[in-house]
2 protein chains.
Amino acid sequence: MSGIIERYRPLLPDVTDATPVITLAEGSTPLIEAPRLARWIGVPPQLRVFLKFEGMNPTGSFKDRGMTMAVSKAVETGAKVVMCASTGNTSAAASAYAARAGIASVVLLPRGEVALGKLSQALIHGAQVLAIDGNFDDALNLVRDICATHPIALVNSVNPVRIEGQKTAAFEIVDALGDAPHFHAIPVGNAGNITAYWRGYQEYHAAGRATRTPKMLGFQAFGAAPLVDGSRVHEPCTIATAIRIGNPASWKGAIAARDQSGGLIHKVTDEQIVAAYAAVAANEGIFAEPACAAPVAGLKMLAENGYFKDLPTDEPATVTVTLTGHGLKDPDRAIKTVASGIVEVAAQRDAILRQLDRFF
Amino acid sequence: MSGIIERYRPLLPDVTDATPVITLAEGSTPLIEAPRLARWIGVPPQLRVFLKFEGMNPTGSFKDRGMTMAVSKAVETGAKVVMCASTGNTSAAASAYAARAGIASVVLLPRGEVALGKLSQALIHGAQVLAIDGNFDDALNLVRDICATHPIALVNSVNPVRIEGQKTAAFEIVDALGDAPHFHAIPVGNAGNITAYWRGYQEYHAAGRATRTPKMLGFQAFGAAPLVDGSRVHEPCTIATAIRIGNPASWKGAIAARDQSGGLIHKVTDEQIVAAYAAVAANEGIFAEPACAAPVAGLKMLAENGYFKDLPTDEPATVTVTLTGHGLKDPDRAIKTVASGIVEVAAQRDAILRQLDRFF
């Protein structure tokens, strides 16, 4: 089964005949209409809501699209080792694709911020995991320094082929809908993904595959909103770890996507994020990681503020939402979110039926 | 994006025009060739190994194929509640598809065997989770009793449409390969899945879509091997929780699959399972739950015992392996398996380079 490189090769100029394709059949993730969630959000009825569920990639996040590119190019150049600074989805993808290629991987992370659950993937895929007594910026600087002077390929998102791979998600959305959506809502952390989607939509439009480009609607968390606040955040803070970033690498790309598309980048609170996270799972049966809930919460806020009120009522419109990763990446968050939890009962028919009263 | 019901509707006679299709775009999982793992297993070079990675279903396991059927039929009959006994993948799928349908779900599980991580999905999808002071058999008996006398749809695998849905994985394999494989290796716990694959292969063969049916190679864990040992196991024991079952519901189906296909059902130790689990992740970049490693370990044992030695050396042959669920279902197991773990180093270029000595 083919991954994004085989499927979109003509639109990925970094890929040449000399590039060995290292793939785990990433991409081809479903675009799922979400009518019950749309009512929860409160969009007008002519606006259809679709979820692009990137949690159905092989390592459980959208990072696989960029990593098939980065590791394929690394192998092409003869690299025997790839390296990244990460505590989350990037390390999982880097180590998985390196394993698939039969090369080594090294993950550098700040000591004290080691979430063992999130690192289970890097460990089982055989990455060498090093914890340093410094912060994430220190880790990234060290990775850049070492990769510049040693035969190790850098696969952090400062590697430009990562964004090239990620733009294919926009291609898939247009392919599925038959045209670009009117709006695209997306979480914004390091800002590589909003940059990538905007590039993908622009390229498909230029190639005549879509009649329009969507307004890009980016959402950051309140405690980690440098693009909204206009300045770097030194101690970013949010429960949505995947967007807990104070100094986005793709800052300019995100601003360009916002302004060129006629869109916006706003911020939502952790309370709004948690409510949206539970609403996606309870209304549509889709379990996405907390960061994915930022654009859902953001759309609800926009709807409440009248953002969609001028849409023509007689013309169908679409908004697509990127759900960046699978909820299984952070099971503890789900358990913390559901206050009701588990009820203990006797192993007796009547005792159980009393708990089910509300259903009869 | 369509799920298995739309894609295989003519081969699913339980589905009628009156059936509302409740789907999360399950199925269409990749079939990934595994050349490096094939060398680790030790199969002869003319035997190609392919992995059917069912962890890429929406809730992270093959259960979604059966659950789209069970919940669609439940909604067709007017059910407002579905119910199952489960501590793992079944409860995740049942609660997700119930949420998608806008109906309620109830999960019954034995108290004291509550793995919170595994239940995070049921909880976030809004299931009512009841823990009883009894074992799994008690839970299933209570579920059957209550569903028989109340308007609640039973979605355990004793519901026959579950196996109908699961047979579509065999269809997808034949569609991908252009014919049936020569061998199909699969973990055997409750034995519904080996029953379902065998049915799928037989039906596709009868329909002229394949020139052969594969030999079915089933593998149980040493401490939970009733089909190998020939009698029910009262206290099944293995680290592979998904196949920790002492009295398989589809006992007869598994024996029929084995005998009609000319295959076998053998058992492997937990040590063999853990070694295979790590080998899949380290050699191919695929993170599958421990139970999935039973057939990989089993193939290695068969290869060592000369099972494949009479295959003609000049004729290509294929073996497919079902990886039933995603490794993210059980991240703790990965962390326990990787002894090396995380190395702490100073945030200094030279200190880090000393850890990377082996790469230069």
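Quick notes
- Of all the listed residues (B:352, B:273), the sole one being more than 8 Å from chain A (Cβ to nearest Cβ) and outside any loop (DSSP other than H, G, I, E, B) is B:273.
- Residue count, the stretch A:30-48 (criterion: touching a Leu at 6+ places or on another chain (Cβ under 9 Å) and either open to solvent by 10 Å² or more (accessible area, probe 1.4 Å) or touching a residue at least 60 places away in the same chain (Cβ under 8 Å) (or both)): 12
- Selection within the stretch B:159-172 - small (Gly, Ala, Ser) and within 14 Å of another protein chain (Cβ to nearest Cβ): B:169
- In the set (1) in contact with a helix residue (DSSP H, G or I) (Cβ under 8 Å, 6 or more places away or on another chain); (2) more than 30 Å from residue B:120 (Cβ to Cβ); (3) within 14 Å of chain B (Cβ to nearest Cβ), residue A:123 fails one condition alone, (2).
- Residue among B:175, B:137, B:145 that alone is more than 9 Å from every other protein chain (Cβ to nearest Cβ), farther than 22 Å from residue B:323 by Cα and surrounded by fewer than 20 Cβ atoms within 10 Å (Cβ to Cβ): B:137
- Residues satisfying the stated conditions in the stretch A:37-63, i.e. closer than 16 Å to residue B:1 by Cβ, facing another protein chain (nearest Cβ under 10 Å) and either among the hydroxyl-bearing types (Ser, Thr, Tyr) or in a helix (DSSP H, G or I) (or both): A:55, A:56
- Per-region count, the stretch A:1-45, residues of a type outside the set (Ser, Thr, Tyr) and under 21 Å from residue B:173 (Cα atoms): 10
- Checklist (1) surrounded by 24 or more Cβ atoms within 10 Å (Cβ to Cβ); (2) away from chain A (no Cβ under 11 Å) applied to residue B:334, failing item: (2)
- Test: residue in the stretch B:74-83 that is more than 8 Å from chain A (Cβ to nearest Cβ), in a helix (DSSP H, G or I), on the phi < 0 side of the Ramachandran plot and surrounded by fewer than 24 Cβ atoms within 10 Å (Cβ to Cβ): yes
- Checking each residue of the stretch B:240-254 against the condition of being part of a loop (DSSP other than H, G, I, E, B), in contact with a His (Cβ under 8 Å, 6 or more places away or on another chain), buried (at least 17 other Cβ atoms within 10 Å of the Cβ) and free of Cβ contacts under 8 Å to residues at least 24 places away in the same chain gives at least one match.
- Within the stretch A:1-36, considering residues that are in a loop (DSSP other than H, G, I, E, B) and away from chain B (no Cβ under 14 Å), the one nearest to residue B:33 (Cα to Cα): A:19
- Condition check for residue A:268: away from chain B (no Cβ under 14 Å), at pLDDT 95 or above and surrounded by 24 or more Cβ atoms within 10 Å (Cβ to Cβ): yes
- Exclusive hit being in contact (Cβ under 8 Å) with a residue 12 or more places away in the chain, open to solvent by less than 40 Å² (accessible area, probe 1.4 Å), part of a loop (DSSP other than H, G, I, E, B) and in contact with a strand residue (DSSP E or B) (Cβ under 9 Å, 6 or more places away or on another chain), set A:308, A:219: A:308
- Subset of the stretch A:84-102 that is assigned to a loop (DSSP other than H, G, I, E, B) and more than 10 Å from chain B (Cβ to nearest Cβ) - its residue that is surrounded by the most Cβ atoms within 10 Å (Cβ to Cβ): A:86
The values are calculated or read from the model by the stated rules, or taken from the named source; none is laboratory data. Being a predicted model, the structure only gives us computed values, none of them experimental. Cβ coordinates were reconstructed from backbone atoms using ideal geometry, including for glycine residues, and neighbour counts include every protein chain displayed. Note: accessible area is taken over every heavy atom of the protein model, side chains too, but ligands, DNA and RNA are not part of it. Shrake-Rupley method; radii C 1.70, N 1.55, O 1.52, S 1.80 Å.
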